[in-house]
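In what follows, a structure is listed as structure tokens, so that the remarks can point back to it.
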Amino acid sequence: MPLVEINFDGIIGPSHNYAGLSLGNLASQRNAGDVSQPRAAALQGIDKMRSNVALGLTQGIFLPHPRPNRPWLAELGTRFKDAEPTLAANALSASAMWAANAATVSPAPDTADGKCHLTVANLRTMPHRSHEWPATLAQLRLAFGSNAFVVHDPVPSAFGDEGAANHMRLAAKHGEPGVEVFVYGLSGGPFPARQHIEASKAIGRLHRLDPGRTVFAQQSEEAIAAGAFHNDVVAVANERVLFAHEKAFADKGGLVAQLEKKVPGFEYVEVSDADVPLADAVRSYLFNAQLVTLPSGEMTLVAPTECRETPSVWSWIERHIAGNGPIRHVEIVDVRQSMANGGGPACLRLRVVADAATVDPRFLVDDSKLDRLAEVVRKHWPVEIANDQLQSPSLIKDIETARGALLEALGLAALI
């Protein structure tokens, strides 16, 4: 069977809230303390998946993690009801919805053993994300349990790894051998650089990649300091196209030169700082859009509504679409609840190039299954969560009941 790109979106969990836990994520910090809307958030995410299915794309899902994370709190010598508010918020975070941080993926055409390799991200930089990997790993091993895949434990936590948000793959076509680009950081001024080069190199070795088709590129310090806490806030690749902001990389010229040599038909689409200031790119999440190839072969940018509402960004998109550039269409989606916490359309999905028949079908969706998921969300997800009620026993009961109902609807009770 042919290999296709499957986008696995994280379903936004019933504990979605705005606790402002992510240093360097400007939207998360800006909206800290706001009242969240978990039900609307999850339905927005489902609608985005529905839009992708309508475009002819293959769509998958990952599920919310158990929240609060009681075993993690036990390791810290406390219980949820007794924990200090900040610690309780860390245990209740719904940030696993951003599946781009779930793992780094190397498709079979790139690896020495001809299998698709996935390494679960350790996310060690932020406390609220550092305890995600065991639950993520359990889902990866279930979804990708066939012998077409190899699923790896996380890189040791001495080295920070944030998954596919700092990884790009370029190839003439998804199913052909590609060049994998690992983007790492050194310094972000007031904000931490989350991806360590040591972790990236380790993943390249674990995935048995060809060193001649593996590139390590440094994210610019200016981009990190401006709020590009992951590379996918300032750059995204799809097949032979790299779409990036002028200030995304420390050595843009060196990276482009390498890709021109290694990627057949490579095209570099740059957005200049003069056209779209870095602050506008970060605020609108222009590059945290999904750049996808439709069944027709044309590329479409699945972008958040904030792009249309940012004049410099929308002007650039309109000019590019009207010209002869490689991006031929734009699809606008509303994921405002996720955006307010610092995650755009690309944050919500993990790209896996594979034969869909080798994936556990419970993790793949069509319109009918999305309808069933939406029904569960409408019935069980909290409508609102205020920060001062995060430790409310009734809220926690509702959150745990909601996740249980979702697992039951999908036949995935084993993940409880």
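Details
- Carbon + sulfur, % of accessible area of the chain - ligands and nucleic acids excluded, 1.4 Å: 52
- In Hz, Karplus ³J(HN,Hα) per residue of region 323-330 (6.51, -1.76, 1.60; θ = phi - 60°; x = Gly, Pro): x, 10, x, x, 8, 9, 9, 10
- Cα gyration tensor, region 195-340 - rounded (a/c under 1.5), prolate or oblate: prolate
- Values of log10 I(q)/I(0) for region 37-79 across q = 0.19, 0.21, 0.28 Å⁻¹ run -0.69, -0.75, -0.96, by the Debye formula with one identical scatterer at each alpha carbon and no solvent.
- At an R0 of 30 angstrom, the distance between the Cβ atoms of Ala54 and Asp153 translates into a FRET efficiency of 0.25.
- For GluC sites (Glu not before Pro), the sites in region 243-305 that DSSP calls loop and that have at most 15 other Cβ atoms within 10 Å are Glu298.
- Among the listed pairs Lys201/Lys262; Lys173/Lys262; Lys48/Lys173; Lys173/Lys261; Lys115/Lys173; Lys115/Lys369, those beyond 21 Å (Cα-Cα): Lys48/Lys173; Lys115/Lys369
- Computed with a 1.4 Å probe on the full set of protein chains, the accessible area for Arg403 sits at about 20 Å².
- Using the Cβ-Cβ distance between Val35 and Arg328 with R0 set to 41 Å, the FRET efficiency works out to roughly 0.55.
- Given (1) 160; (2) 125; (3) 150, the label whose value is volume of the Cα convex hull per residue in Å³ derived from this model: (2)
- The charge dipole of region 365-416, taken about its Cα centre with unit charges on the Cβ atoms of Lys, Arg (+1), Asp and Glu (-1) only, comes to about 120 debye.
- Value of [θ]222 nm, deg cm²/dmol, for the chain, DSSP H segments ≥ 4, -39500 (n - 2.57) each, nearest 500: -9500 deg cm²/dmol
- The distance between label points at Ala225 and Leu142 comes to 4.5 nm (points 7 Å beyond Cα on the Cα→Cβ vector).
- Across region 157-239, C-alpha contacts under 8 Å between residues 6 or more apart give a mean separation that, scaled by the residue count, equals a relative contact order of 38 percent.
- Length-normalised contact order of the chain in % [C-alpha pairs under 8 Å, at least 6 apart]: 23
- Where the chain is the region considered: accessible area per residue in Å², 1.4 Å probe: 37
- Long-range HN-HN contacts of Gly13 with modeled amide H, under 5 Å: Met97
- Shown in residue order for region 157-167 are the 3J(HN,Hα) couplings computed by the Karplus curve 6.51 cos²θ - 1.76 cosθ + 1.60 at θ = phi - 60°: 5, 5, 10, x, 9, 10, x, 5, 5, 10, 9 Hz (x for Gly and Pro).
- Relative contact order (percent, whole number), region 131-196, Cα cutoff 8 Å, 6+ residue spacing: 24
- Amide H contacts of Val302 (H built 1.01 Å from N, in plane; Pro and chain starts excluded): Gln290, Leu291, Val292, Glu331 sit under 5 Å, all sequence-distant by 5 or more or on other chains.
- GNM top mover of Arg124, Arg39, Arg205 - the chain, alpha-carbon springs below 10 Å: Arg205
- Net lengthening on full extension, Asn387/Ala413 (0.36 nm per residue, minus Cα-Cα): 6.4 nm
The values are calculated or read from the model by the stated rules, or taken from the named source; none is laboratory data. Computed from a predicted model, the values in this text were never measured in an experiment. Heads up, the Cβs are rebuilt from the backbone with ideal geometry, glycines too, and the neighbour counts pull from every protein chain shown. Heavy atoms of the whole protein, side chains included, go into the accessibility calculation; ligands, DNA and RNA do not. Shrake-Rupley method; radii C 1.70, N 1.55, O 1.52, S 1.80 Å.
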